[in-house]
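Undergrad: This structure is in structure tokens; I'll ask about it shortly.
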Amino acid sequence: MNVKLALTALFAVAVFSCKSEKKTEKNSNESVVVAQKQPFFKISLAQWSLNEAIRNGEMNPLDFAEKAHEMGFEGIEYVSQLYTPMMETYDNDQVALDSILPKLKAKSAEFEVQNVLIMVDGEGNLAAESESERDQAVEDHKKWVDAAKYLGCHAIRVNLIGSPDREIWKNSAIDGLKKLAEYGASQNIEVTVENHGGYSSDAALLMEVINAIDMPNCGTLPDFGNFCLERENGEMWGAPCVKEYDKYKGIAELMPKALAVSAKTYDFNEAGEETSMDFTKILQTVKDAGYTGFIGVEYEGENHTPEEGIMLTKELLINTAQNLK
């Protein structure tokens, strides 16, 4: 009887030990998963990913923060032109912004997302050959610097469009961008330039501009796409690209002065990988540059819904980050 009791007790201890071991193993695995899911950067949602829904009236741009929150993002990147139709219903831009910005700020607070930056379009050519045109573009951009400050963003993103002459463009870009960066510095706002077509997609040339200005609040916003230098018939947008800058070389050149980063995607294979670029190679370059800020998700494909493309991009960023050196 004593032997039988001893065996029963021994069996119970063994079972308890086995269960405890499995529980510990499970908890250990769970902690590993949690650790793996923490990339070296934060992830924001670029509003341009939802531009079609906003343009056709399916989504109110004032609901952007709520949408981003629903999709699990911690930061958001606004696009100025998506508010243009709304702004045109007011007497002037300042009256419009005085009405719209408090609503955006309240929404971001309500849904606990961080306002990261504003992508500014349609406010004039900062690299125009004419100084008076450049100066007007600087003035027209200032309201967005003020808007970024009000919302708590760290930066605005601008385009550097201007003269078709390479050398004139460079000198004009230095002048226009520096003037805007000086105003940005007075408001504690960074001014970033995206590789966004034309000479701005020539990364080496753009870096000549940024380095010539040499201001801590003036830098780049490397986009994983947008390295088209020339399009058919000289078009700036829309037409097929006929000359492209090497994206891997370009991103590596832009990262030393990167103040923001945009993860552009177009399509995915069955494994969830982007079909037109090597995300591992690109993110390794971003990591090696010491960048730890937000990376904005910007899906521009046609084979998935915007929501599907956004989530595929987000998952690709997280999964790729886990396998970097």
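Undergrad: For region 71-103, enumerate the residues that are closer than 24 Å to Glu308 by Cα and aliphatic (A, V, I, L, M).
TA: Answer for region 71-103, where residues must be closer than 24 Å to Glu308 by Cα and aliphatic (A, V, I, L, M): Met71, Ile76, Val79, Leu82.
Undergrad: Can you pull out the residues in region 154-187 that are free of Cβ contacts under 8 Å to residues at least 40 places away in the same chain, surrounded by 24 or more Cβ atoms within 10 Å (Cβ to Cβ) and in contact with a Phe, Trp or Tyr (Cβ under 9 Å, 6 or more places away or on another chain)?
TA: Ile156, Val158, Gly162
Undergrad: For region 196-212, how many residues are open to solvent by 10 Å² or more (accessible area, probe 1.4 Å) and either at pLDDT 95 or above or within 15 Å of Ser172 (Cβ to Cβ) (or both)?
TA: Summing the residues that are open to solvent by 10 Å² or more (accessible area, probe 1.4 Å) and either at pLDDT 95 or above or within 15 Å of Ser172 (Cβ to Cβ) (or both) in region 196-212 gives 8.
Undergrad: Of the conditions (1) touching an Asp or Glu at 6+ places or on another chain (Cβ under 7 Å); (2) on the phi < 0 side of the Ramachandran plot, Thr285 satisfies every one except a single condition; which number is it?
TA: Unmet condition: (1).
Undergrad: Report, by residue number, each residue of region 86-131 that is closer than 27 Å to Glu70 by Cα, open to solvent by less than 80 Å² (accessible area, probe 1.4 Å) and either modelled with pLDDT under 95 or polar (S, T, N, Q) (or both).
TA: Those that are closer than 27 Å to Glu70 by Cα, open to solvent by less than 80 Å² (accessible area, probe 1.4 Å) and either modelled with pLDDT under 95 or polar (S, T, N, Q) (or both): Ser99, Ser108, Asn115.
Undergrad: Follow-up question, since we're still on this one. For region 228-263, give me the residue count where each residue is open to solvent by less than 70 Å² (accessible area, probe 1.4 Å), among the β-branched types (Val, Ile, Thr) and either out of contact with any Pro (no Cβ under 7 Å at 6 or more places or on another chain) or in a strand (DSSP E or B) (or both).
TA: Residues in region 228-263 being open to solvent by less than 70 Å² (accessible area, probe 1.4 Å), among the β-branched types (Val, Ile, Thr) and either out of contact with any Pro (no Cβ under 7 Å at 6 or more places or on another chain) or in a strand (DSSP E or B) (or both): 1 in total.
Undergrad: Now, a different point. Tell me which of these Val191 doesn't satisfy, since it passes every other one: (1) open to solvent by less than 10 Å² (accessible area, probe 1.4 Å); (2) out of contact with any Ser or Thr (no Cβ under 9 Å at 6 or more places or on another chain); (3) more than 18 Å from Asn115 (Cα to Cα).
TA: (3)
The values are calculated or read from the model by the stated rules, or taken from the named source; none is laboratory data. Here the structure is a predicted model, which means the values were calculated and not measured. Note that each Cβ is placed from the backbone with ideal geometry, even for glycine, and that neighbours are counted across all protein chains shown. Quick note on the areas: whole protein, heavy atoms, side chains included, nothing else; ligands and nucleic acids left out. Shrake-Rupley method; radii C 1.70, N 1.55, O 1.52, S 1.80 Å.
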